[in-house]
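Engineer: My questions will all concern the structure given below.
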Amino acid sequence: MGTSTESADLVRVIASGADAQAPDELRRFAGPPLVLPRPAVERPITVDQTHRSVVVAEHAVVKWLTPPLPAPHRAPQLLAHLAEVGFTRTPRPYAALYRGDDLRALVVGFLPGALDGWDWATDDLLAELAGGPAAAVGAVLGALAAELHVALATPSPVLPAPVGTAGVDGWLAQGRRAIDDALTLVDGPDGAWLAARADRIRADLALPAAVTAVQRLHGDLHVGQILRWDGGYAVIDFDGNPTAPQDVLEPAARDVAQLLTSVEHVAAIANKRTAHAHAGAVRDWIARERAALLDAYRPVAGALFDEALLTGFETAQECRELVYAARFLPRWRYAPMEVLRRRYP
């Protein structure tokens, strides 16, 4: 395919029902076929991202994996499963393009007017702090997460046994390694503060061994993965954590914990942008929206959710955020540090 129109060419092939040209292989997902309502004009998505994405005809998005990803391929498997069980709260998956065992591209539906949660949730909170309507973030996130987890736990031809049971200590051991790494990497006053509370943090990561329900998860579920678009809300990006095994079953509480911590990170962003002028109101907002998220999640997820694991997984997540900030994005350190300072006064 030509380099200047490769995305449009690929979308045309999918819409035509034809096969990709050798040596590529096109694998379509279940569901209605792709229909192009207008000329296949390309428009690149210019925000920072690991891979390259192109909008075609304002109807489909082609995500080119750069470089192509070797097997196993987590996202195509989960998208195929969700398509089979009828989950519609994600951009409609159309096809995956392979060359041998390498994943070259994913093609999904385009969502007009989409903003990710780092934008819409933060904007809503800032508007509330300025006297506007309540930023009702938690109920939206909790309901969508629950619907996603139930769909991921539903057997399909792709994943005939998506739920099991397992002990939890292995996942919390990852959190204990994260606090050790954070103590090594975080310097200055933040490092001293962290060292003074390390024993308390480790205590929250030392839950007794227990067996709980485990299942396929999103794997990297935070507000940035929740789009608000002209048709509602949708969850995106099923690539998971690139540093974690790709085919493991995990407790649903891990996804919920990351989603909850990201709500607190939205609050930290708002505090930073307002110079902490509304710190009390932000603290109240956190409590309100955390409760709303869990109230929306619990009754739908039911036995999939072991709430006793939340403290450990949330603490582990904040430690991982500190490690990420230290290694890749130093300016982000303030957000997990704000959360930890609030939790360990």
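The values are calculated or read from the model by the stated rules, or taken from the named source; none is laboratory data. These figures come from a predicted structure and were not determined experimentally. Cβ: placed from backbone, ideal geometry, glycine included. Neighbour counts: every protein chain shown.
Engineer: For residue 128, are the conditions met, namely being more than 23 Å from the chain's Cα centre (by Cα) and either under 26 Å from residue 290 (Cα atoms) or in a helix (DSSP H, G or I) (or both)?
Structural biologist: yes
Okay, residues lined up against (1) in a loop (DSSP other than H, G, I, E, B); (2) under 18 Å from residue 239 (Cα atoms); (3) not assigned by TED's automatic domain parsing to the domain that holds residue 157:
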| position | (1), (2), (3) |
| --- | --- |
| 35 | yes, no, yes |
| 61 | no, yes, yes |
| 72 | yes, yes, yes |
| 76 | no, yes, yes |
| 81 | no, yes, yes |
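Engineer: Next question, about the same structure. Of everything in region 247-276, what is touching a Leu at 6+ places or on another chain (Cβ under 7 Å) and not in a helix (DSSP H, G or I)? Give them in sequence order.
Structural biologist: If the condition is that a residue be touching a Leu at 6+ places or on another chain (Cβ under 7 Å) and not in a helix (DSSP H, G or I), then 250, 251, 274 are the ones that fit.
Engineer: Between a first residue in region 68-86 that is closer than 17 Å to residue 160 by Cα and a second residue that is hydrophobic (A, V, I, L, M, F, W, C) and in a helix (DSSP H, G or I), which pairs have beta carbons less than 6 Å apart while being 6 or more apart in sequence or on different chains?
Structural biologist: Close Cβ pairs satisfying both conditions: 82/151; 85/151.
Engineer: Here's another thing I want to ask about it. List the pairs whose first member sits in region 257-270 and is assigned by TED's automatic domain parsing to the domain that holds residue 282, whose second member is among the basic types (Lys, Arg), and whose Cβ atoms are under 6 Å apart, counting only residues at least 6 apart or on separate chains?
Structural biologist: From region 257-270, the pairs are 260/290.
Engineer: How many of the residues in region 25-40 are modelled with pLDDT of 90 or more and more than 29 Å from the chain's Cα centre (by Cα)?
Structural biologist: Here the count works out to 0.
Engineer: List the residue pairs whose Cβ atoms are under 7 Å apart, where the first residue sits in region 13-26 and is in contact (Cβ under 8 Å) with a residue 24 or more places away in the chain, the second is of a type in the set (D, E, K, R), and the two are 6 or more positions apart or on different chains.
Structural biologist: So the pair list comes out as 23/99; 24/99; 24/104; 26/19.
Engineer: Can you name the residue in region 131-143 that is in contact (Cβ under 8 Å) with a residue 12 or more places away in the chain and surrounded by fewer than 17 Cβ atoms within 10 Å (Cβ to Cβ) and is also farthest from the chain's Cα centre (by Cα) among such residues?
Structural biologist: Within region 131-143, the subset in contact (Cβ under 8 Å) with a residue 12 or more places away in the chain is 135-143.
With surrounded by fewer than 17 Cβ atoms within 10 Å (Cβ to Cβ) added as a condition, the list becomes 136, 139.
Details: 136: 19, 139: 17 Å.
My answer is 136.
Engineer: Can you run down the residue pairs with Cβ atoms below 6 Å, 6 or more apart or on separate chains, where the first is in region 274-298 and within 30 Å of residue 149 (Cβ to Cβ) and the partner is at pLDDT 95 or above and among the polar types (S, T, N, Q)?
Structural biologist: Partner pairs satisfying both residue conditions: 282/271.
Engineer: Here's a follow-up. Which condition number in (1) polar (S, T, N, Q); (2) in contact (Cβ under 8 Å) with a residue 60 or more places away in the chain; (3) out of contact with any helix residue (DSSP H, G or I) (no Cβ under 9 Å at 6 or more places or on another chain) is the one that residue 165 fails?
Structural biologist: (2)
Engineer: Run residue 303 past the list (1) surrounded by fewer than 15 Cβ atoms within 10 Å (Cβ to Cβ); (2) touching a helix residue (DSSP H, G or I) at 6+ places or on another chain (Cβ under 9 Å) and report the number of the one that doesn't hold.
Structural biologist: The single condition residue 303 does not satisfy is (2).
Engineer: On to the next question. Can you confirm whether residue 182 is in the same structural domain as residue 312 (by TED's automatic domain parsing), of a type outside the set (Val, Ile, Thr), touching a residue at least 24 places away in the same chain (Cβ under 8 Å) and surrounded by 13 or more Cβ atoms within 10 Å (Cβ to Cβ)?
Structural biologist: In short, yes.
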